[in-house]
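S.K.: Below is a structure I'd like to ask you about.
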């Protein structure tokens, strides 16, 4: 008989129509689980080690979600949240995975999960000279989002001017560094003096500003980009995007990774964009993307970024919360701006 063990979970309570998610929208529940798979199962049983807190998770807290991840991707009340994590396989019914393998991919916000393997990537043992937690960030979805969105989609050229919003976050801190490696000039926007200092002194941004202290974003961008913006990596949306459109150069590119300023608004209160005519007059290409579209290129990404990390060409900052019971607070922090760097939760270090 398989061992039956306790399984702590972060349960989603009910849909959040508007406003910031709150810790009270989630609850910690402890149930039990048998450490075995049903006969004939092709799934894997995971022991979760690290969980990633990501802005897109807010879109899954709405019943009407049909945008970011498609129809029927909303979390189910009464069930554990889901997200990207790092885990160890305890049992496998799939021939490509075996007991003891380390993996990253979509898992439940709980201590143990049974997952189909379509959403998992194996972590090779040769990669373990970097922290396992990096697979929730720089070597996982945020890193791949930054790399493919900027290097593949934006098609940057040396000497171009690049603007990044939410620049100190898990994606933004990497976009700026990829841009600098290609010889671009990079300016970032963040929400505190601490984060602005981080951009300039740790991540190598040429300049940065606190958008909360700027009353006229159009004037601010003209000050930092007197010759215009060639590439904008969009993480925010709303008023920031509207101001950027006025300051884009001819044949500029806007890569739309996210719009966190709009996630907590109801449908009727979302900010409209008034300067879209600039897409025509300046022949701007604005393109949204989902990182999973590029997962077939993940081995190329991993090889490149691992070499950057090992050679010290890229730095990465994590904001680590200890224990599954801290997960609701950690998730809320990314919407209030309290986190610095990649927000993640340690479930277990064993």
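S.K.: So for each of 200-211, 231-242 I average, over its residues, the number of other beta carbons within 10 Å; can you give me the resulting order with the highest mean first?
M.R.: 231-242, 200-211
S.K.: Considering only the chain, what is the antiparallel percent among its DSSP beta bridges, to the nearest 5?
M.R.: Percent antiparallel among DSSP bridges in the chain is about 60.
S.K.: Two-decimal Rg/Rh of segment 236-350 from alpha-carbon positions, Kirkwood Rh?
M.R.: Answer for segment 236-350: 1.05.
S.K.: I would also like to ask the following. Starting from the Cα of residue 79, step 7 Å along the direction of its Cβ; do the same at residue 128; then give the gap between the two resulting points in nm.
M.R.: Placing both labels 7 Å along Cα→Cβ, they lie 3.3 nm apart.
S.K.: In addition: In degrees from 0 to 90, rounded to the nearest 10, what is the angle of the helix 298-310 Cα long axis to the longest principal axis of the chain?
M.R.: 80
S.K.: Starting with the highest mean, order 100-110, 320-330 by the number of other Cβ atoms within 10 Å, averaged over the residues of each peptide.
M.R.: So the peptides 100-110, 320-330, ranked by packing, come out 100-110, 320-330.
S.K.: For the chain, what's the relative contact order in percent, using C-alpha pairs closer than 8 Å and at least 6 residues apart?
M.R.: Normalised by residue count, the contact order of the chain is 18 percent.
S.K.: For segment 232-266 and segment 287-312, write down the distance between their C-alpha centroids in whole Å.
M.R.: That distance is 23 Å.
S.K.: Based on the Cβ-Cβ distance of residue 18 and residue 210, what FRET efficiency does E = 1/(1 + (r/R0)^6) give at R0 = 30 Å, to the nearest 0.05?
M.R.: My answer for the efficiency is 0.70.
S.K.: Same structure, new question: Kindly provide the helix-only [θ] at 222 nm of the chain, computed as the sum of -39,500 (n - 2.57) over DSSP H runs of four or more divided by all residues, to the nearest 500 deg cm²/dmol?
M.R.: -6000 deg cm²/dmol
S.K.: What is the packing order of peptides 36-43, 174-181, taking the mean over residues of other C-beta atoms within 10 Å and listing the highest first?
M.R.: Ranked from most to least packed, the peptides come out as 174-181, 36-43.
S.K.: Restricting things to alpha carbons, find the Rg to Rh ratio for the chain using the Kirkwood radius for Rh.
M.R.: Dividing the radius of gyration by the Kirkwood radius yields 0.98.
S.K.: Continuing with this model, one more query. Looking at segment 141-292 from every direction and averaging, what is the projected area of its Cα convex hull in nm²?
M.R.: Taking a quarter of the hull surface, the average projection is 8.6 nm².
S.K.: State the Cα centre-to-centre distance between segment 33-56 and segment 145-200 in whole Å.
M.R.: Using only Cα atoms to place each centre, the spacing works out to 34 Å.
None of the figures in this text is laboratory data; all of them are computed from the coordinates on show. Worth saying up front: this structure is predicted, and the values here are computed from it rather than measured. A quick note on method: Cβ atoms are made from the backbone with ideal geometry, for glycine too, and the neighbour counts reach across all protein chains shown.
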